[in-house]
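Q: Supplied in structure tokens, the structure appears directly below.
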Amino acid sequence: MRIGDAKQSYEADEAILTSSTQKIWFALFLLALLLFPFMADAYLLYLGCLVGIAVISTTGLNILTGFTGLISLGQAGFMGVGGYTVAWLSANTGLPFPVTLILAGLLAAAVGILVGLPSLRVKGLYLAIATLAASVFLHFIFAEWESVTGGMGGLSLEPAHLFGLTFQSDFGMYFIIVPLAVLMVLAARNVFRTRIGRAFIAIRDRDISAEILGINLLHYKLMSFALSSFYAGVAGGLFAYFFRVVTPESFPLSMSIFYLAAVIVGGMGNLLGGILGAAFMTLIPEILKLLTTALTPFYPNAPIFMSPMLEIIFGALIVGFLIFEPHGLAEIWHRIRRFFSLWPFKN
Amino acid sequence: MDWLFFGEISLAGLAMGGLYALIGLGFVIIYKATRVINFAIGEIMMFAAYLFLAFAGGMEMSPWVALPLAVLGGSLLGGVIEKVMIRPMLGESSISVVMVTIGIASILVGVVEMIWGADPQLLPGFLPRKPVFIGEMYLAPKIAYGFLIGAAVLTIYLLYFRFSRGGVALRATASDQAAAYSMGINVRRVFNLAWVFGSLAASLAGVLVAATGGLSPQFGAIGLSVLVVVIVGGLDSIVGALIAGVFIGWLETVAGAYLGGEYRMPATFAVLAVILIFRPYGLFGTHEIERV
């Protein structure tokens, strides 16, 4: 059992990993991520990539909704901006993937700032609806601006490439997606150790008080929007490289709701929660698929019920977590951790 | 410009707008009393329309029996939702409550798809088929009679809220909860009643809209148009919902007819964006003043 930890310097107090146990577990986790693609089969590898993309986008939304308290129903739209940017750039310029992904993030961030502009005047649900309007407009642009986006047919793109290497298989994509996901989550963690991140949290807790304390609301709200959409843009770009096709229907409104649900189920305002939520919500349909395949010999109708079942489970998860566990999976995780670190002294 | 065509389109749009006003009214009642933005209203409409389908189509009841039954079922659903899922969220942040209603919407879509399947369906026709002419302008009979039923119910609602005991209790709760409590109004019951009445209006509109345009599990998307209506009108204003409902219905139909179906949503959302920028609390909504 570990009891109390006295910190003797500010560095130690601010550190992300505070104890040696944490450091060991974190190193083991990274090692597992590295070894995973060599052991997993194609299906697991595919899932790993999907979870990686979801983690990036959920972390982005968590910055905006969980930490700054601004709800956004536009996450899928921002991802679409990133996806289309990557698709267009790789078709028309042939730039390598680090460049296209950064440009995708930047363009999405610019769109995010534009969408965030009303956030000084309207907030709460009105803001959610403003972002909803933005996602309607973005969908319209994706579908109608045919010379750039290819209309309803969308764009298909070449595999990601860098220095003559092409990343065609899921195996290759894993080594782009997962390191990026780790990097971006760590970056987000670092943001919340600076003035900027603390300003976000102050705005979430009470925006008027934050303003009185000298935080420029417009500035920081827009920054939060920009940061969040940058994450979404990168995730959308990876999505485009991974599926190698983008259409207006790749980024529907239900996807925005999916990411909001991931943030809530994971735990709002908790980066670990975002990761858990993203993984959990991505894997649920797959688990359900496995269940249906297992049940089909006994109930031949099982596959028909899968998609409605998924809708019901999805909704029930959102409602259930909000009513019974508002702090999400992260809280459950902490409870488990506390149990082990206090064992055997707590009943 | 062909004025006759414009007139016919406008008329159809205004009639559709009448139904939007009815749904908007249902939305505003719930918001006024409980401060909950109900993203599931489109799905409640859908559920009622499917109930109508089951009663009138599956069980072959007379449509005039099936309609009240379906509407009753829809309002009961609203009451149950409030009791089971919204009540425990009392005092939570508005983000959480909205997300609960989004979750409810998803559950309802799943349930409907499980019972009635995912394919689009047609409701048995129950409105008169004789074409309606106003002057020289033709109006599809389903839309015209749908509008008339909707308008009649709207009037009853307005009178009810103005004069009845329950209506006064609801308005009292909306304007000051604590004062309403101390005057002996059962605020919990008012909350529940607001959901029942709101869902009732939505359910009726749901059956009428589905009767003109068909029904599928994606029917709930109409909730997005209604969201535009209530934001433009002002979330807590009944008059606003009526005016904005008629206007948005008209705009959507005219934009669809002249620019093409893909312009319907962007046209109404453009109005929404302008309103949000210049009058964030809607045309008739109350401007909330915040204090620290």
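The values are calculated or read from the model by the stated rules, or taken from the named source; none is laboratory data. Since the model is a prediction, treat every value here as computed from it, not as a measurement. Counting neighbours? That spans all protein chains shown, and the Cβs are built from the backbone with ideal geometry, glycine included.
Q: Against the definition (assigned to a loop (DSSP other than H, G, I, E, B), more than 14 Å from A:Ile63 (Cα to Cα) and without any contact (Cβ under 8 Å) to a residue 40 or more places away in the chain), how does A:Gly172 come out, yes or no?
A: Numbers: assigned to a loop (DSSP other than H, G, I, E, B): no; more than 14 Å from A:Ile63 (Cα to Cα): yes; without any contact (Cβ under 8 Å) to a residue 40 or more places away in the chain: yes.
Answer is no for this residue.
Q: Related question: Name the single residue, out of those in the range B:244-291 being more than 19 Å from B:Leu11 (Cβ to Cβ) and of a type in the set (D, E, K, R), that is surrounded by the fewest Cβ atoms within 10 Å (Cβ to Cβ).
A: Residue satisfying both the conditions and the ranking: B:Arg291.
Yes/no per residue for (1) touching a Gly at 6+ places or on another chain (Cβ under 6 Å); (2) within 20 Å of B:Leu14 (Cβ to Cβ):
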| site | (1), (2) |
| --- | --- |
| B:Val190 | no, no |
| B:Ser199 | yes, no |
| B:Ala211 | no, yes |
| B:Gln218 | no, no |
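Q: Have a look at B:Ile243, B:Ile277, B:Ile231, B:Ile248 and point out the one that is touching a helix residue (DSSP H, G or I) at 6+ places or on another chain (Cβ under 8 Å), at the interface with chain A (Cβ under 10 Å from one of its Cβ atoms) and modelled with pLDDT of 85 or more.
A: Step by step, each of B:Ile243, B:Ile277, B:Ile231, B:Ile248 is checked, and only B:Ile231 is touching a helix residue (DSSP H, G or I) at 6+ places or on another chain (Cβ under 8 Å), at the interface with chain A (Cβ under 10 Å from one of its Cβ atoms) and modelled with pLDDT of 85 or more.
Q: Is it true that B:Leu77 is within 16 Å of the chain's Cα centre (by Cα) and at pLDDT 90 or above? Steps first, please.
A: Values: within 16 Å of the chain's Cα centre (by Cα): yes; at pLDDT 90 or above: yes.
Yes.
Q: Any residue at all in the range B:49-67 that's within 20 Å of B:Ile104 (Cβ to Cβ) and outside any helix (DSSP H, G or I)? Working first, answer last.
A: The initial filter retains those residues of the range B:49-67 that are within 20 Å of B:Ile104 (Cβ to Cβ), namely B:49-51.
Retained after the next criterion (residues that are outside any helix (DSSP H, G or I)): none.
No, the range B:49-67 contains no residue that is within 20 Å of B:Ile104 (Cβ to Cβ) and outside any helix (DSSP H, G or I).
Q: Considering each of A:Met184, A:Met223 in turn, give the residue that is over 14 Å from A:Ser119 (Cβ atoms), of a type outside the set (Phe, Trp, Tyr) and either crowded, with 20+ Cβ neighbours inside 10 Å or more than 14 Å from every other protein chain (Cβ to nearest Cβ) (or both).
A: The match here is A:Met184.
Q: Here are some residues: A:Ile257, A:Ile275, A:Ile264. Which one is more than 12 Å from chain B (Cβ to nearest Cβ), assigned to a helix (DSSP H, G or I), under 20 Å from the mean Cα position of the chain (by Cα) and among the aliphatic types (A, V, I, L, M)?
A: So the residue among A:Ile257, A:Ile275, A:Ile264 that is more than 12 Å from chain B (Cβ to nearest Cβ), assigned to a helix (DSSP H, G or I), under 20 Å from the mean Cα position of the chain (by Cα) and among the aliphatic types (A, V, I, L, M) is A:Ile275.
Q: OK, next. B:Ala66 fails exactly one of the following numbered conditions: (1) at the interface with chain A (Cβ under 9 Å from one of its Cβ atoms); (2) at pLDDT 85 or above. What is the number of that condition?
A: (1)
Q: Applying the selection to the range A:45-97, what residues are hydroxyl-bearing (Ser, Thr, Tyr), under 14 Å from the mean Cα position of the chain (by Cα) and part of a loop (DSSP other than H, G, I, E, B)?
A: Listed by number, the list holds a single entry, A:Ser72.
Q: Any idea which of A:Ile313, A:Ile336, A:Ile323 is surrounded by fewer than 17 Cβ atoms within 10 Å (Cβ to Cβ) and part of a helix (DSSP H, G or I)?
A: Going through A:Ile313, A:Ile336, A:Ile323 in turn, just one is surrounded by fewer than 17 Cβ atoms within 10 Å (Cβ to Cβ) and part of a helix (DSSP H, G or I): A:Ile336.
Q: Restricting to the range B:22-48, and then to whatever is part of a helix (DSSP H, G or I) and of a type in the set (D, E, K, R), can you tell me which residue is nearest to the chain's Cα centre (by Cα)? Walk me through how you get there before you give the answer.
A: Taking the range B:22-48 first, the residues part of a helix (DSSP H, G or I) are B:22-34, B:41-48.
Next, only the ones that are of a type in the set (D, E, K, R) stay: B:32, B:43.
On the way: B:Lys32: 14, B:Glu43: 10 Å.
Per the stated criteria, the residue is B:Glu43.
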